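What follows is a set of notes on a single structure, which appears directly below.
The values are calculated or read from the model by the stated rules, or taken from the named source; none is laboratory data. Bear in mind the structure is a predicted one, so any value in this text is a computation, not a measurement. Cβ placement follows ideal geometry from the backbone for every residue including glycine, while neighbour counts extend to all protein chains displayed. These area figures cover heavy atoms from the full protein model, side chains too; ligands, DNA and RNA do not enter into them. Shrake-Rupley method; radii C 1.70, N 1.55, O 1.52, S 1.80 Å.
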Amino acid sequence: MNKPKVSVCIPIYNGERFVEETIRSVLNQTYTDYELLICDNKSTDHTIEKINGFTDERIRLIQNAENVGMVGNWNICLKEAKGEYIKLLCADDLIAPDCLKKQVELLESDDNIVLAFNASYVIDETGKVVLKRRRFRKNKVINGKKYAKKSFHKGNMYGEPSNMLFRKDKSAEAGNFKDDLCYSPDWEYWMRLSLLGNVGYIDNYLMSFRVAATSTTSNLLKKLDVLVQDDKLLLRHMRENEIFKMTKGDAFIHSLVMRLRLYAKVVFLKLVIKKEK
């Protein structure tokens, strides 16, 4: 196929349970100028068989010779993506049929917008909506530096990786995801990317983030001590890269808010997963 406008990238490891539904959500897009790049991280289940059940020519499968870790696999997606725009779609999440269309239209409308994101649903293992996330009440284009600093103070105001569509050339300028972060590599990356231009918000529910007992997020949130250390590492990266002129007050507000948000997420996930059992 010719060079696509969009690369939808699915990094996956042992994702047999939901990957077919995720792939179908991409193939059902009203916007069609894309490739679906799937990077398998040495899965040991039936993931590859599920993927090979699809014959659409836009699907391109890369099988890593060894498991390079979650973030390492994300960075392979960045390297291998051929499109002008990139979406990193987690293997159990879903995108609405008009997701790519609306996000591409926003990026095409203004060269200064480096990434687009939108309202989203949180769904359980069955696909039932358990939470709605709506950052603003209207479409907005926001100064990237201001939004990144606001997010630093208040927590991840962008959303999960699947929520974003971003420019590949700006991604190359920003560099790779930090592979020493286990919980916040995407959030750190969105803040870093936002320094290169504006961010655009679409007030439509275009993505569904799945919470399941086996999901990466659920497993991470069982290890609060690890997450606290991860946040300290995030702060160090922010200082070293001089992403902000960070004061002690900035760091204190960030750390306090992050701990409160982490505990709230743990409670929420326990409630959702308990209902599924």
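Given the criteria part of a loop (DSSP other than H, G, I, E, B), surrounded by 17 or more Cβ atoms within 10 Å (Cβ to Cβ), touching a Leu at 6+ places or on another chain (Cβ under 7 Å) and of a type outside the set (A, V, I, L, M), does residue 158 qualify? No, not satisfied. Of all the numbered requirements in (1) over 17 Å from the mean Cα position of the chain (by Cα); (2) farther than 18 Å from residue 262 by Cα, residue 189 misses one, and that requirement is (1). Residues in segment 39-60 include at least one that is buried (at least 19 other Cβ atoms within 10 Å of the Cβ) and within 16 Å of the chain's Cα centre (by Cα). The C-beta contact set for segment 13-40 (first residue on the phi > 0 side of the Ramachandran plot and touching a residue at least 12 places away in the same chain (Cβ under 8 Å), second residue surrounded by fewer than 16 Cβ atoms within 10 Å (Cβ to Cβ) and in a loop (DSSP other than H, G, I, E, B), distance under 7 angstrom, 6+ apart or interchain) comprises 14/44; 14/45. For first residues located in segment 67-82 and in contact (Cβ under 8 Å) with a residue 12 or more places away in the chain, partners that are among the aromatic types (Phe, Trp, Tyr) and open to solvent by less than 40 Å² (accessible area, probe 1.4 Å) and lie 6+ apart or on another chain with Cβ distances below 8 Å form the pairs 71/177; 74/177; 75/177; 78/177.
Does residue 98 count as under 28 Å from residue 182 (Cα atoms), of a type in the set (Asp, Glu) and in contact (Cβ under 8 Å) with a residue 12 or more places away in the chain? Answer is no for this residue. A Cβ distance below 8 Å, combined with a sequence gap of six or more or placement on separate chains, defines the contacts here; from segment 168-181, residues that are more than 20 Å from residue 68 (Cβ to Cβ) reach residues that are polar (S, T, N, Q) in the pairs 168/7. Just a yes or no: is a residue in segment 7-27 farther than 20 Å from residue 186 by Cα and assigned to a strand (DSSP E or B)? No, every residue in segment 7-27 fails to be farther than 20 Å from residue 186 by Cα and assigned to a strand (DSSP E or B). Of the strands (runs of 3 or more DSSP E) lying entirely inside segment 83-155, those containing at least 3 residues that are over 14 Å from the mean Cα position of the chain (by Cα) and aliphatic (A, V, I, L, M) are 113-123, 129-133.
Matching residues to (1) at pLDDT 95 or above; (2) crowded, with 20+ Cβ neighbours inside 10 Å; (3) under 19 Å from residue 255 (Cβ atoms):
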position: 140; (1), (2), (3): yes, no, no
position: 153; (1), (2), (3): no, no, yes
position: 173; (1), (2), (3): yes, no, no
position: 193; (1), (2), (3): yes, yes, no
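Residue 2 falls short on exactly one of the conditions (1) open to solvent by 20 Å² or more (accessible area, probe 1.4 Å); (2) part of a helix (DSSP H, G or I), and that condition is (2).
For segment 80-110: of the residues being among the small types (Gly, Ala, Ser) and surrounded by 22 or more Cβ atoms within 10 Å (Cβ to Cβ), which is nearest to residue 25 (Cα to Cα)?
91
Of the residues making up segment 200-217, those that are modelled with pLDDT of 95 or more, open to solvent by 30 Å² or more (accessible area, probe 1.4 Å) and of a type outside the set (Phe, Trp, Tyr) are 203, 204.
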